[in-house]
Amino acid sequence: MKYDIVIVGAGIVGLATAYRISQKNPRLSLCILEKENTVAAHQTGHNSGVIHSGIYYKPGSLKALNCKKGYDELLVFAKEYGIKHDVCGKVIVATKEAERPLLDNIFKRGIANGMQGIRKISPKETKEIEPYVNAVESIWVPQTGIIDYVGMSKKLAELIEGQGHKIFFKHKVKSMTTKSDYSVVHTEGGDFEAKLVISCAGLYADKVTKMLEPQVDFHVLPFRGEYYEIVPNRQYLVKNLIYPVPNPNFPFLGVHFTRMAKGGVEAGPNAVLSYRREGYSRWDVHFGELFETLSYKGFRKIAAKYWREGLDEMYRSYSKSAFVRALQNLIPEIGEDDLVEGGSGVRAQACDSGGNLVDDFWFIENQYVINVCNAPSPAATACLAVGETVADKALKRF
Ligand SMILES: Cc1cc2nc3c(=O)[nH]c(=O)nc-3n(C[C@H](O)[C@H](O)[C@H](O)COP(=O)(O)OP(=O)(O)OC[C@H]3O[C@@H](n4cnc5c(N)ncnc54)[C@H](O)[C@@H]3O)c2cc1C
């Protein structure tokens with residue numbers, strides 16, 4: 001099977017990339033290889049379903065630029081194709097005096113990122129938006145919304161297939177080799193020849209990257225995010241989206257409340273090291289993958305720096321009452337009985353051997369391949385912009 005372009009991974013980034021390529025150059029032959037039997041089987045199908053506004057990201061970074069552009073494109077796409085969504089706004093809440101300067105930094109970032117309509121609000125104004133929230137000060141972010149990312153992924157797949165391109169499910173990529181001007185992608189379902197491979201492999205981004213670029217030194221750390229769901233008769237405690245002030249040393253936003261596009265309200269996600277890349281339960285262990293993580297130099301440096309925060313997160317994972325205490329900072333009235341265990345997702349976070357968590361989106365390429373090495377949140381929000389960035393890199397070669 002010979003293609004101009006073979007894309008690895010049918011998460012939202014791989015799908016959006018294929019969609020953008022097929023829009024920009026419909027004559028190119030392309031296919032997607034996916035190891036599962038459906039689209040959005042991993043990060044995309046297990047996320048919080050939030051349309052991020054772009055307030056948090058370093059001005060000028062790929063996250064900031066792609067989130068802004070992708071946000072507008074996402075809303076146009078959702079309206080055109082009837083994807084369930086709601087731009088409901090959110091509050092970011094400082095619950096202690098000590099958090100005010102951090103809240104102010106976020107606000108300044110939002111302004112530097114060109115966001116309109118965000119404003120600092122008092123505890124009284126916060127209560128007008130979210131009556132049960134305990135705040136010393138908040139930021140109102142009107143742009144934030146919620147969306148059905150699985151529905152969006154299915155629509156992208158339909159549009160790609162409508163252009164005559166195929167998604168091969170149950171086709172795990174095992175290895176790749178190169179010939180003079182093409183590569184051969186070896187999968188569980190047979191070999192594919194490609195003039196260009198694009199890897200959008202999420203939690204296995206490092207493994208797939210190293211198939212053709214073994215010298216690239218990074219490791220994907222899997223951080224599981226666990227959710228609770230608020231029982232129906234207490235969902236009135238949350239109108240829309242309520243976020244804490246995040247720890248600036250971490251790339252995660254802290255446990256928050258999210259009204260979901262599919263209905264219901266979730267609380268979470270925390271961020272605990274997962275013992276398996278696709279380990280959705282706290283009892284899931286893959287000894288080989290766990291050993292690789294623990295023995296990676298970069299991980300050991302991160303663990304030495306952040307062991308206390310890591311242990312706190314782990315404690316919150318095993319203790320519901322500790323999890324609830326974190327939520328009570330935002331809504332003092334919420335109790336253990338108001339929450340039942342929900343689902344979970346595992347985030348792919350690239351880490352280098354120096355012990356740095358890669359903060360921004362990150363792509364590397366050579367003659368045969370473009371690798372999306374790091375596409376954490378807000379990559380679902382930004383998927384159409386990220387897909388276009390990768391498509392433009394690819395199309396230069398044809
Ligand atoms: C808990 C959680 C909450 C989040 N909340 C939000 C949010 O609210 N808003 C937001 O914008 N972002 C959020 N994110 C981030 C967002 O979900 C991800 O950035 C985005 O889904 C990444 O998409 P992807 O296509 O790169 O990865 P994935 O969705 O993980 O897709 C990668 C695909 O590659 C496939 N694959 C891997 N290896 C192979 C192989 N060898 N052969 C074939 N196929 C392979 C996998 O099976 C998978 O389907 C969240 C993430 C998590 C985990």
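Data overview
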| read-out | value |
| --- | --- |
| When residues of the range 201-228 are limited to those that are within 14 Å of the ligand (Cβ to nearest atom) and charged (D, E, K, R), the one farthest from Phe363 (Cα to Cα) | Glu226 |
| So Lys127, is it among the charged types (D, E, K, R), without any contact (Cβ under 8 Å) to a residue 60 or more places away in the chain, within 11 Å of the ligand (Cβ to nearest atom) and at negative phi | no |
| Subset tally (residues that are of a type in the set (A, V, I, L, M, F, W, C) and modelled with pLDDT of 95 or more) for the range 262-271 | 2 |
| Close pairs from the range 1-29: first in contact (Cβ under 8 Å) with a residue 60 or more places away in the chain, partner of a type in the set (Phe, Trp, Tyr), Cβ under 7 Å, at least 6 apart | Met1/Phe192; Tyr3/Phe192; Asp4/Phe398; Val6/Phe192; Ile12/Tyr149; Asn25/Phe398; Leu28/Phe398; Ser29/Tyr3 |
| Helices (runs of 4 or more DSSP H) within the range 32-142 that include 2 or more residues closer than 24 Å to Ile7 by Cβ | 62-81 |
| Residues being closer than 16 Å to Gln349 by Cβ, away from the ligand (no atom under 11 Å from the Cβ) and touching a Pro at 6+ places or on another chain (Cβ under 9 Å) - total across the range 236-277 | 4 |
| Options Ile139, Ile160, Ile198, Ile147; residue that is buried (at least 20 other Cβ atoms within 10 Å of the Cβ), within 10 Å of the ligand (Cβ to nearest atom) and modelled with pLDDT of 95 or more | Ile147 |
| Identity of the residue in the range 375-398, hydrophobic (A, V, I, L, M, F, W, C) and outside any helix (DSSP H, G or I), that ends up surrounded by the most Cβ atoms within 10 Å (Cβ to Cβ) | Ala382 |
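The values are calculated or read from the model by the stated rules, or taken from the named source; none is laboratory data. What you are looking at is a predicted structure, and each value in this text was computed from that prediction instead of being measured. Virtual Cβ from ideal backbone geometry, glycine too; neighbours counted across all protein chains shown.
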